[in-house]
2 protein chains.
Amino acid sequence: MAQRLEKTLYIGPFVHCESLAELDVCPNGMIGVDEDGKIAFILRSIKGRRFPNGEDWEEAKIGVILIDSDTHIHAPQYPNAGVFGKSTLLDWLNTYTYPMESSLSNLEQAARVYNRVVARTLSHGTTTACYYATVHVPATNLLADICQSRGQRAFVGRVCMNRMSPDYYRDESVESAVRDTKACIEHVKQIDPLYDLVTPIITPRFAPSCTPEALSAMGRLHHEEQIPAQTHISENKAECELVAKCFPSHKSYAHVYDSAGLLTPRMILAHAIHLSPEERTLIKNRNAKISHCPASNTALTSGTAPVRDMLNEGLTIGLGTDVSGGYTSSILSETREALFVSRHVAYNTGNDEAKLSVEEALYLATRGGAKVVGLENRIGGFNVGMDWDAQMVGLAGVGDTIGIDQTAGPVEIFGQESWEEKMAKWVYTGDDRNTTAVWVKGRLVHSRESFKP
Amino acid sequence: MAQRLEKTLYIGPFVHCESLAELDVCPNGMIGVDEDGKIAFILRSIKGRRFPNGEDWEEAKIGVILIDSDTHIHAPQYPNAGVFGKSTLLDWLNTYTYPMESSLSNLEQAARVYNRVVARTLSHGTTTACYYATVHVPATNLLADICQSRGQRAFVGRVCMNRMSPDYYRDESVESAVRDTKACIEHVKQIDPLYDLVTPIITPRFAPSCTPEALSAMGRLHHEEQIPAQTHISENKAECELVAKCFPSHKSYAHVYDSAGLLTPRMILAHAIHLSPEERTLIKNRNAKISHCPASNTALTSGTAPVRDMLNEGLTIGLGTDVSGGYTSSILSETREALFVSRHVAYNTGNDEAKLSVEEALYLATRGGAKVVGLENRIGGFNVGMDWDAQMVGLAGVGDTIGIDQTAGPVEIFGQESWEEKMAKWVYTGDDRNTTAVWVKGRLVHSRESFKP
């Protein structure tokens with residue numbers, strides 16, 4: 001199945017996250033990527049530039065590079081990006097979200113939306129995305145097909161929701177939910193038997209949308225199929241109260257998922273704002289993962305997640321755009337939002353330690369995201385044996401010319417900046433114009449006109 | 001002096017703010033702009049499209065248009081945009097800001113920075129900017145020259161700072177501060193005697209940087225010269241404590257400026273986060289104006305300004321990017337930041353009313369900004385007799401094509417959107433790529449390649 005690639009030498013500066021606090025900057029290195037799209041070797045200095053294994057390596061110039069994962073994004077909500085008024089979670093679902101998701105039953109509409117969202121997120125440098133789709137089997141399968149053909153590493157989840165959902169948009173029964181979920185799993189097995197690029201993911205919408213039986217059925221599928229799961233947790237206070245009412249015999253929101261067999265190392269929990277200390281301990285003990293969605297949490301006035309506390313407790317955290325609760329499909333913008341929300345937490349709590357550094361936010365978007373999706377041994381950084389999932393970041397220097405080049409984007413490198421400052425400028429002022437090229441598993445999946453390998 | 005322009009008919013949809021809560025959308029109108037760059041007439045329907053006054057009018061197609069004012073931006077800090085680490089106001093000044101501002105004593109450096117910042121802010125649709133420059137007379141005059149030649153409406157202030165500033169960057173004495181400020185005022189009088197495009201502005205940095213004598217001297221100049229003034233107020237709690245210590249005989253921070261004769265209808269106060277109710281009443285009674293700088297306030301962990309309360313009290317508020325406390329030189333990004341900060345205020349206070357709507361945030365960026373700079377009769381909306389300060393906003397529709405056009409920017413118009421939703425998408429997901437053309441006083445001062453009049 002796997003496409004054989006030209007063995008390629010990527011020559012130039014590279015940057016990735018060494019640890020939560022540290023960027024590893026190699027200003028002048030060489031990375032060899034083999035026919036399977038895996039990193040075969042890394043040279044930290046190219047003095048002499050002797051080519052390994054004779055002459056059969058292609059050569060490509062690269063810039064600063066990093067790998068981004070979006071650990072929570074609702075593909076069908078993409079046409080609503082930026083449209084949410086003054087709503088909060090529960091009214092937002094009914095006003096904006098369910099009608100939009102429901103419209104994806106039309107496959108032409110699904111093709112239009114899903115092609116855009118995959119192309120657009122690739123252009124933002126999202127090499128891996130965890131997608132919520134809709135309840136619809138054909139449209140969900142189409143999303144998987146589009147990820148496969150466009151080459152984006154993706155987790156694609158058919159949404160399970162069999163109560164407290166509109167009549168026009170819901171699962172009819174637990175049985176139909178299981179059958180439809182299995183149909184989507186089977187489809188991915190057809191197009192990508194080893195889940196090499198696309199993986200199905202068990203996706204109970206959130207506890208209030210699922211009966212206990214539906215949650216348990218999803219928990220069983222999660223174990224039987226040995227595939228990951230994703231859901232929402234503790235995003236909004238009214239939602240938390242609703243969960244307490246819907247599941248009166250459970251100790252907490254986290255326990256609802258735990259008792260359904262869903263709180264596992266392969267579960268991705270989006271938001272996680274209002275968790276109690278006991279819930280965080282439970283999540284930590286189960287080694288379930290957290291997707292932090294700062295833009296959405298601010299937009300829908302959901303609150304501010306205590307990221308520093310959760311990191312200190314040893315929880316594993318990545319970033320999610322949560323389109324269209326989040327306005328942006330750019331994981332780079334989300335990185336900036338994570339920095340800003342951490343400053344609001346610091347201000348509100350009086351604890352300066354709550355502030356994230358640029359390096360830490362980049363870690364969440366790269367290595368953190370890789371851990372959240374369970375692929376920390378394959379993606380998230382540059383290490384021998386890992387896949388070549390990478391983006392090339394172009395940062396134009398300010399010349400002495402009078403004019404500006406809008407095609408290069410608004411980052412301004414005046415020349416005095418350290419590497420750390422360049423990365424900060426990229427995070428705070430950069431956009432998709434700085435994402436010059438994107439590779440997944442060694443394959444070039446997006447590039448700008450300016451990219452000349 | 002004034003350039004005579006072609007009389008031009010601008011034909012197409014136009015949008016401006018009618019009031020704080022209401023957008024006025026005219027989907028198919030015509031605006032006639034005369035030789036002086038003033039709006040001669042407005043037709044809300046172009047049925048029949050009879051041209052007024054015979055055939056001597058040029059015709060230009062326009063898109064959605066609005067006018068933005070940046071009421072607080074530090075031009076010399078532009079090379080530091082995005083670079084501030086985890087600092088807060090007082091350490092940020094010493095670590096990042098004073099060294100950068102000081103470097104503008106070099107006129108080559110000043111030319112490089114100021115040309116960029118004016119070109120860049122124009123490309124973001126900033127038709128009017130209130131600039132802090134530096135203490136340096138030649139560099140400040142150069143900034144005025146650049147605004148004049150590039151056609152940006154600007155208030156250009158030489159900074160007065162004669163204490164608690166580094167030895168390498170300060171005014172030597174009150175006398176030298178007055179002399180240098182006057183030299184900059186004289187320069188603008190030479191290049192723009194009627195302050196038609198460029199206006200000098202009295203700029204005491206902030207109370208801690210100025211002795212009481214310096215503040216009073218600036219207050220006298222403000223009155224003698226009949227020109228506006230700008231400063232900072234109540235941005236950071238440590239700063240507020242410092243002011244109480246430096247001015248022990250004054251009742252409050254606001255009283256410090258008031259007693260120096262600076263709290264007037266033509267004073268622009270940036271930040272205004274931690275004001276007491278008494279200070280807000282004093283500011284209201286003096287009819288001084290507020291520049292709200294949400295991106296900067298979050299970045300430097302300064303706090304969240306209570307914008308809704310201040311609006312309810314009748315204070316006049318515009319938006320400021322506050323580069324480089326703020327990371328962005330885009331007043332559009334700042335509009336989004338204002339929306340987000342208002343949501344943090346709503347969440348923290350439990351008062352949903354604190355949330356700004358997109359329409360309200362746009363009002364602050366347009367009519368609000370015009371009032372803050374005292375030009376509400378000339379700019380900020382489309383009314384007969386006002387100047388043609390405008391930007392054309394291009395919002396590309398999503399076709400049925402598979403690819404995306406990155407040159408058009410990330411706003412995605414799927415076709416089902418109302419005008420209000422289109423504006424929301426622009427504010428939340430738009431950038432300078434949507435700013436197709438910009439006019440100031442009828443003159444085209446920026447356009448993208450895609451602009452075809």
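With θ taken as phi - 60° and the Karplus curve 6.51 cos²θ - 1.76 cosθ + 1.60 applied, the whole-hertz 3J(HN,Hα) list for the range B:244-257 is 4, 6, 6, 10, x, 8, 9, 5, 6, 4, 4, 5, 4, 5 Hz, x standing for glycine and proline. Taking every Cα-Cα distance in chain B and sorting them into 20 Å bins starting at zero, the pair-distance distribution P(r) comes out as 26, 57, 16, 0 percent. Applied to the range B:8-14, the Karplus parametrisation 6.51 cos²θ - 1.76 cosθ + 1.60 on θ = phi - 60° returns per-residue 3J(HN,Hα) values of 10, 9, 9, 10, x, x, 9 Hz, with x for Gly and Pro.
The magnitude of the dipole of the range B:281-365, with charges of +1 and -1 set on the Cβ of Lys/Arg and Asp/Glu and taken from the Cα centre, is near 180 debye. Other residues within the sphere of radius under 14 Å centred on the Cβ of B:Arg205, judged by their own Cβ, net out at -3 (K and R +1, D and E -1).
Would you mind working out the magnitude of the charge dipole of the range A:68-372 relative to its Cα centre, with +1 at each Lys and Arg C-beta and -1 at each Asp and Glu C-beta, to the nearest 20 Debye? Can you show the working numbers first?
Details: 28 positive and 32 negative charges, 42 e Å.
Dipole of the range A:68-372, to the nearest 20 debye: 200 debye.
The phi-based Karplus calculation (6.51 cos²θ - 1.76 cosθ + 1.60; θ = phi - 60°) puts the 3J(HN,Hα) values of the range B:82-98 at x, 10, 8, x, 10, 6, 10, 2, 5, 7, 4, 4, 6, 7, 10, 8, 4 Hz, whole numbers, x for Gly and Pro. Does anyone have the angle between helix A:107-123 and the longest principal axis of chain A? Alpha-carbon axes, 0 to 90°, nearest 10? Once rounded, the angle reads 40 degrees. Measuring nothing but how far apart in sequence close Cα pairs (under 8 Å, 6+ apart) lie, relative to its length, chain B scores a relative contact order of 19 percent.
Across all Cα pairs in the range A:335-453, the calculated P(r) in 5 Å bins from zero up to the longest distance comes to 2, 10, 15, 17, 19, 16, 11, 6, 3, 1 percent per bin. The alpha carbon radius of gyration of the protein assembly as shown, expressed as a multiple of 2.2 N^0.38 Å, is 0.95. With the alpha-carbon atoms of the range A:404-453 aligned to their principal axes, the span from lowest to highest coordinate is 34, 24, 18 Å, starting with the largest. Only Cα pairs under 8 Å and 6+ residues apart enter the sum, and on that basis the relative contact order of the range A:347-407 stands at 16 percent.
On the principal axes of its alpha-carbon atoms, the range A:189-253 has extents of 41, 21, 16 Å, going from largest to smallest. As a calculated quantity, the FRET efficiency between A:Asn351 and A:Lys251 at R0 = 45 Å, using C-beta atoms, amounts to about 0.95.
For B:Leu194 and B:Ser276, the FRET efficiency from 1/(1 + (r/R0)^6), where r spans their Cβ atoms and R0 equals 30 Å, is about 0.15.
Of the peptides A:254-262, B:242-250, how do they stack up when ordered by the mean number of other Cβ atoms within 10 Å, highest first? Walk me through the numbers on the way to the answer.
Working: A:254-262: 23.1, B:242-250: 14.4.
Per-residue mean Cβ counts within 10 Å order the peptides as A:254-262, B:242-250.
Partner shielding of B:408-415 amounts to 5, given as the average count of beta-carbon atoms from other chains within 10 Å of each residue beta-carbon.
Residue by residue through A:421-433, how many Cβ atoms from other chains fall within 10 Å of the Cβ on average?
On the way: counts 6, 2, 1, 7, 6, 1, 2, 10, 8, 1, 6, 6, 6.
That average works out to 5.
Per residue of peptide A:327-337, the mean number of Cβ atoms on other chains within 10 Å of the residue Cβ is 2.
In the assembly of identical copies, A:Pro13 has its label point, taken 7 Å from Cα in the direction of the beta carbon, separated from the corresponding points by 4.2 nm (ascending, one decimal).
By the helix-only formula, in which each DSSP H run with n ≥ 4 contributes -39500 (n - 2.57) and the sum is divided by residues, chain B has a 222 nm mean residue ellipticity of -10000 deg cm²/dmol.
Each DSSP beta bridge with both residues in the range B:68-372 is either parallel or antiparallel, and the antiparallel ones are about 0%.
Two numbers describe the Cα atoms of the range A:354-413: Rg and Dmax, which are 16.4, 48 Å.
No lab work stands behind these numbers, since they all come straight from the coordinates. Given the structure is predicted, the values throughout are model-derived calculations rather than measurements. FYI the Cβ positions are ideal-geometry reconstructions off the backbone, even for glycines, and counts take in every protein chain you see.
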